[in-house]
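Note sheet for the following structure.
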Amino acid sequence: MTEKVDHYPMWKNLGLDLEKHDQLLAILPDIYKKIYIETQKNRPDMSFWDFVVGDIHGIRIKELKEAKEKGQKILGTFCLYVPDELIFAVNAISVGLCGGTNFSNYAAEGIVPPNLCPLIKSALGFALGNICPYFNSLNLLVGETTCDGKKKAWEVMEKYFPCELYVVEIPQCKDRPQAREHWIAELKALVKKLENLTSNKLTFENLKAAMEKIENKRNQIRRVYQARKADPPPISGKDALLVSQVAFYDDPDREIQMVGKLADELEKRIRDGVGVVKKSTKRILISGTPMAIPNWKLHQIIETSGAIVVCEETCTGTRYFDAKLEITGKTLEGLIGNLAERYLNINCACFTPNEARTEDIKRLVKEYKADGVVLYSLSFCQPYIIESIAIEKKLKEIGIPTISIETDYSSEDEGQLKTRIEAFLEMIKK
């Protein structure tokens, strides 16, 4: 895993802006070393994830290239609501596409407004600037309508990025009976698109096998999160976040193996009483918008201020695996219905009403024995910012210390955020 490979011919063939790409890759190692290596002690064996980040645009891109040469189709997705199960069932490959850095913003300037969600702007910049080989490896982009910003972003993407785009429409009021019918119809329409793209037919057998594989991957991540309930936790919040982030674009079979191996180690650490912090260290639950690589800022601030993050109620956290998938039924129609039910049980802020998310947070606070909650919203992310006001009030009413944080991908507010977090932790201790 440590052998250096020259990926430049591959990147050039993909049409990347090599100068900008070099600048991006020159920044990441220093950030990673500072956050993951220099400030952590007694980590579990995270060598696989250290390697993945160190070779983030290398071996996986090579695997995608080889898969395409063998006739497989590569699909890029941006959200949990695009079911991996359907994609892998027709022998295609799904890779999660997002942006966790403001490095790429320059490529979207003049195309989108400055006061746009940082995640959307970052993703658009990576695509339009030709600086992300994952975008340039795709046969199809699959968007979704989880927020107004993304709805308009797909229009921009379709106009400026030379890749076919397909958009899945998410029901916004899932408590209505017709929401499930609409969602099933959308999934069936997606199936037709996938079948036409891949020339492979979705069957009961291949869908069931894909459902079992993806659910097994989620089960391994569940085990990692279950281990975080221990006191002291056997893994830091930063490392657990990294595990979840990588799961979005890595090979599912490899994820099952590597995350399962890590979970085995964490469970042994718990039996041996080994933790990454002292027992009774203050425990924080983060709730809010997803955190794409390399967005590790909030975890770093919390975990260098005397506390530890034990859970994330986010799409790069419990929302990824919390809703269980029932792999039952004897017909293809039944399996698709199970898929629809499972994904509708993810409580994203895009839904209205969305009271179930507050209940999720309350439950997770108890399960993970959290001492406080940080409600995290990216700047201009209206759904989560609006929800955070009501959720903070409700949590405080039942005695759960809570703070709302709104930030972007820059480092300019790190000092201010650290001051606020330290004051919040001091209040919890008292």
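Annotations
- Flag for N139 being on the phi > 0 side of the Ramachandran plot and surrounded by fewer than 24 Cβ atoms within 10 Å (Cβ to Cβ): no
- Hits in the stretch 176-187 - residues which are in contact (Cβ under 8 Å) with a residue 24 or more places away in the chain and surrounded by fewer than 16 Cβ atoms within 10 Å (Cβ to Cβ): R180
- For the stretch 94-118, filtered to residues that are in contact with a helix residue (DSSP H, G or I) (Cβ under 7 Å, 6 or more places away or on another chain), part of a loop (DSSP other than H, G, I, E, B) and of a type outside the set (G, A, S), the residue that is surrounded by the fewest Cβ atoms within 10 Å (Cβ to Cβ) is I111.
- Considered as a group, the residues in the stretch 5-54 that are in a loop (DSSP other than H, G, I, E, B) and free of Cβ contacts under 8 Å to residues at least 40 places away in the same chain include one that is farthest from I302 (Cα to Cα), and that residue is D6.
- Residues within the stretch 26-52 that are closer than 17 Å to G237 by Cα, of a type in the set (V, I, T) and surrounded by 13 or more Cβ atoms within 10 Å (Cβ to Cβ), tallied: 3
- Within the stretch 245-328, helices (runs of 4 or more DSSP H) holding 2 or more residues that are more than 18 Å from Y81 (Cα to Cα) and out of contact with any helix residue (DSSP H, G or I) (no Cβ under 6 Å at 6 or more places or on another chain): 252-272, 297-303
- In the condition set (1) touching a strand residue (DSSP E or B) at 6+ places or on another chain (Cβ under 6 Å); (2) more than 14 Å from V310 (Cα to Cα); (3) of a type outside the set (D, E), R228 is compliant with all but (2).
Here's the yes/no breakdown for (1) of a type in the set (K, R); (2) crowded, with 20+ Cβ neighbours inside 10 Å; (3) more than 30 Å from K62 (Cα to Cα); (4) in contact with a Pro (Cβ under 6 Å, 6 or more places away or on another chain):
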residue	(1), (2), (3), (4)
R254	yes, no, no, no
K279	yes, no, yes, yes
I284	no, yes, yes, no
M291	no, yes, no, no
W296	no, yes, no, no
T304	no, no, yes, no
A307	no, yes, yes, no
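- Condition check for K121: in a helix (DSSP H, G or I), within 24 Å of E158 (Cβ to Cβ), of a type in the set (K, R) and in contact (Cβ under 8 Å) with a residue 60 or more places away in the chain: no
- Filtered residues of the stretch 60-93 (kept if buried (at least 22 other Cβ atoms within 10 Å of the Cβ), farther than 23 Å from L24 by Cα and among the small types (G, A, S)): A89
- Considering only residues in the stretch 152-195 that are out of contact with any strand residue (DSSP E or B) (no Cβ under 8 Å at 6 or more places or on another chain) and assigned to a loop (DSSP other than H, G, I, E, B), the one that is farthest from S122 (Cα to Cα) turns out to be R176.
- Restricting the stretch 188-224 to residues that are out of contact with any helix residue (DSSP H, G or I) (no Cβ under 7 Å at 6 or more places or on another chain), over 19 Å from E326 (Cβ atoms) and not polar (S, T, N, Q), the residue that is surrounded by the fewest Cβ atoms within 10 Å (Cβ to Cβ) is K192.
- Residues satisfying the stated conditions in the stretch 137-151, i.e. touching a residue at least 24 places away in the same chain (Cβ under 8 Å), over 13 Å from G96 (Cα atoms) and either among the aromatic types (F, W, Y) or assigned to a helix (DSSP H, G or I) (or both): D148, G149, K150
- Screening I391, I421, I403, I386 for residues that are part of a strand (DSSP E or B) and either buried (at least 21 other Cβ atoms within 10 Å of the Cβ) or among the hydrophobic types (A, V, I, L, M, F, W, C) (or both) leaves exactly one candidate, I403.
- Taken over the stretch 165-222, the criterion of being in contact with a Gly (Cβ under 8 Å, 6 or more places away or on another chain) and either small (G, A, S) or closer than 24 Å to K152 by Cα (or both) is satisfied by L165, Y166, V167, V168, I184.
- Residue that is nearest to the chain's Cα centre (by Cα), among those in the stretch 330-353 that are in a helix (DSSP H, G or I) and of a type in the set (A, V, I, L, M, F, W, C): L344
- Restricting the first member to the stretch 363-391 and to residues that are free of Cβ contacts under 8 Å to residues at least 40 places away in the same chain, and the second to residues that are hydroxyl-bearing (S, T, Y), the beta-carbon pairs closer than 6 Å and six or more apart or on different chains are I385/S377.
Here, each number is a calculation from the coordinates, and none is a lab measurement. Worth saying up front: this structure is predicted, and the values here are computed from it rather than measured. With ideal geometry, Cβ positions are generated from the backbone for all residues, glycine too; neighbour counts draw on all protein chains shown.
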